Amino acid sequence: MLRLALKNTPSEFSIDLSEIERSGPSYMVVTLEDFRNRFGSDAAITLLLGMDAFLDLPRWHEWQKILTLANLLVINRPESGNSLPILLENLLKKHETKDESMLLTNSHGYIVRYDAGNFNISSTFIRQQFARGETQDSYLSADVLNYILKNQLYHNNSG
């Protein structure tokens with residue numbers, strides 16, 4: 001499904017299946033360590049997160065190591081508000097920059113918060129809409145929508 005979603009995007013995007021192919025639990029820090037080993041210590045690696053995932057970051061396995069391996073691009077969401085836990089406020093004070101080019105010129109250690117528009121949409125929202133029988137053709141490409149419908153993903157099994 002991700003291949004279908006990225007089909008018409010610039011070639012700078014690529015899909016890595018290592019987390020899916022890894023046996024046992026898969027942790028982001030392990031994936032980033034693998035990327036760092038594959039691409040070298042100087043490669044600029046940026047992990048994209050929604051604000052909801054960023055807020056959950058302190059619960060991740062060895063989360064403190066993530067900024068030693070990659071930069072973070074955090075996509076703001078309308079419902080996020082401005083309130084952050086003190087732990088994340090301190091992390092932002094130390095690592096946040098407004099200069100987006102830092103993500104391209106530095107291998108790790110920077111956080112950029114990015115406002116991608118005031119779209120109140122998330123994968124959770126889309127799954128909930130499908131579970132209620134509401135097709136999300138305005139949010140998804142035709143290829144992705146057809147894949148979801150063909151494979152009966154996100155439908156409600158309780159009825």
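Every number in this text was worked out from the coordinates using simple rules, so none of it is lab data. This one's a predicted model, so the numbers in the text were calculated from it and none came from an experiment. In this analysis, Cβ positions are derived from the backbone assuming ideal geometry, glycine residues included, and neighbour counts consider all displayed protein chains.
Tell me what the chain gives for mean residue ellipticity at 222 nm when only DSSP H runs of n ≥ 4 count, each as -39,500 (n - 2.57), the sum divided by the residue total, rounded to 500 deg cm²/dmol.
Numbers: 9 runs with 63 residues, N = 159.
When only DSSP H runs of four or more count, the value is -10000 deg cm²/dmol.
Count neighbours as other Cβ atoms within 10 Å of each site's Cβ, and list the trypsin sites (Lys or Arg not before Pro) in the range 1-63 that are DSSP loop with at most 11 such neighbours. Numbers along the way, then the final one.
Numbers: sites: ARG3, LYS7, ARG22, ARG36, ARG38, ARG59; in loops: LYS7, ARG22.
For trypsin sites (Lys or Arg not before Pro) across the range 1-63 that sit outside H, G, I, E and B with at most 11 neighbouring Cβ atoms in 10 Å, the list reads LYS7.
Note down the Stokes-Einstein diffusion coefficient of the range 12-159 in µm²/s, whole number, using a Kirkwood radius over alpha carbon pairs, 25 °C, and 0.890 mPa s. Intermediate values should be presented prior to the final figure.
On the way: Rh = 17.5 Å.
It diffuses with D of about 140 µm²/s by this estimate.
Answer with one residue from ILE148, ILE15, GLY117: the one whose Cα lies farthest towards the positive end of the charge dipole of the chain, charges on Cβ with Lys, Arg +1 and Asp, Glu -1.
ILE148
From the phi of every residue in the range 54-64, what ³J(HN,Hα) in whole Hz does the Karplus formula 6.51 cos²θ - 1.76 cosθ + 1.60 yield, where θ is phi - 60° and glycine or proline is x?
4, 5, 8, 3, x, 8, 6, 4, 6, 4, 5
Which loop-located trypsin sites (Lys or Arg not before Pro) does the range 92-136 contain, where loop means any DSSP state but H, G, I, E or B and the Cβ has at most 16 other Cβ atoms within 10 Å? Don't skip to the answer; put the middle values down first.
Working: sites: LYS93, LYS94, LYS98, ARG113, ARG127, ARG132; in loops: LYS98, ARG132.
Answer by residue number: LYS98, ARG132.
Work out from phi, with θ = phi - 60° and the Karplus expression 6.51 cos²θ - 1.76 cosθ + 1.60, the ³J(HN,Hα) of each residue of the range 24-40, listed in order in whole Hz, and give x for Gly and Pro.
Values per residue, Gly and Pro as x: x, x, 10, 10, 4, 4, 5, 4, 5, 4, 5, 4, 4, 5, 6, 9, x Hz.
Calculated FRET efficiency, TYR114 and GLU12, Cβ-Cβ r, R0 22 Å, to nearest 0.05?
Efficiency, from the Cβ-Cβ distance: 0.85.
Which whole-angstrom value gives the distance between the alpha carbon centres of the range 16-32 and the range 84-138?
Spelled out, the Cα-based centre of one part sits 21 Å from the other.
Where does each of TYR110, TYR139 land when they are ranked from fewest to most other beta-carbon atoms within 10 angstrom? Please report the intermediate quantities before stating the final value.
On the way: TYR110 22, TYR139 15.
Listed from fewest to most nearby Cβ atoms, that is TYR139, TYR110.
Note down the relative contact order for the range 11-114 as a percent, whole number, built from C-alpha pairs under 8 angstrom at least six residues apart. Display every interim value, and only then the final one.
On the way: 133 pairs, mean separation 31.9, N = 104.
Dividing the mean separation by the residue count of the range 11-114 yields 31 percent.
To the nearest 20 Debye, how big is the dipole of the chain about its Cα centre, given +1 on the beta carbon of each Lys and Arg and -1 on that of each Asp and Glu?
On the way: 15 positive and 19 negative charges, 39 e Å.
Charge dipole, the chain, about its Cα centre: 180 debye, nearest 20.
Could you pull out every residue, at least 5 positions away or on a different chain, whose amide H is within less than 5 Å of the one on TYR114? Hs are placed 1.01 Å off N in the peptide plane, and Pro or chain starts have none.
Distant-sequence amide H within range of TYR114: VAL74, ILE75, ASN76.
Loop-only GluC sites (Glu not before Pro) in the range 1-102, please: DSSP not H, G, I, E or B, and at most 16 other Cβ atoms within 10 Å. Intermediate results must be reported in sequence, preceding the final value.
Details: sites: GLU12, GLU19, GLU21, GLU33, GLU62, GLU79, GLU89, GLU96, GLU100; in loops: GLU12, GLU62, GLU100.
Qualifying residues, ordered by number: GLU12, GLU62, GLU100.
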